[in-house]
């Protein structure tokens, strides 16, 4: 099921200014009960002057999209005369049908890819600097706003003061960097050299870093990607 009809508004030129808000118009008070003695006949009351509705017909449907897909909707105009049913000979034709194409709503989809250098076990020794990079890319179908990236300082490492990087390329974004010394509960800490007993140029008190971006990250390459990063030292 692609859509659900919420409302219908139909107008007819015969009788003049006639309207209808249902799937079908019962012009003459039609009896559709097969057990009735008057089945398939007009028993009234007539809903339109003369018991007929037609002429130029215009219908407007308000629908709720439920899923994606393609379907066709056609108007069926029924008439009963000569002891048989008749319907409009343009049923299903372009003049009397519409193709409904329901597509997904545009949404952003920002992915993160984190990397570190070096990676060789022989280099991962106390006193070695680890350079972290976090690449972000919007591969969705709409721009992304209110983008925030946070990352914890890895255990048993000390943050290198002044090492935060932000490479925003052609994204048009601007960024503000904040630091936490309590696991991200607050973001008011300012890193200092030797903080928390770390070596000169490093701060052991820094637990998390946050990049808050201003602007919208496009979904179109090359304006949809950038990266941020920092350095920490193995204790």
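The values are calculated or read from the model by the stated rules, or taken from the named source; none is laboratory data. Please read all numbers here as calculations on a predicted model, not as lab measurements. Counting neighbours? That spans all protein chains shown, and the Cβs are built from the backbone with ideal geometry, glycine included.
Among strands (runs of 3 or more DSSP E) entirely within the range 1-111, having at least 2 residues that are loosely packed, with under 13 Cβ neighbours inside 10 Å singles out 3-14, 54-65, 69-74, 78-81, 84-87, 97-102. Among residues that are in contact with a strand residue (DSSP E or B) (Cβ under 8 Å, 6 or more places away or on another chain), closer than 21 Å to residue 135 by Cβ, in the same structural domain as residue 136 (by TED's automatic domain parsing) and touching a residue at least 12 places away in the same chain (Cβ under 8 Å), residue 229 is included. When residue 20 is tested against (1) within 19 Å of residue 73 (Cβ to Cβ); (2) in contact (Cβ under 8 Å) with a residue 40 or more places away in the chain, only condition (2) is not met.
Yes/no per residue for (1) surrounded by 13 or more Cβ atoms within 10 Å (Cβ to Cβ); (2) in contact (Cβ under 8 Å) with a residue 60 or more places away in the chain:
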residue	(1), (2)
122	no, no
142	yes, yes
174	no, no
180	yes, no
184	yes, no
197	no, no
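Close contacts from the range 145-172, counting a first residue that is at positive phi and a second that is modelled with pLDDT of 95 or more, with Cβ to Cβ under 7 Å and a gap of 6+ residues or different chains, come to 156/234; 156/235; 169/222; 169/225; 169/226; 172/215; 172/223.
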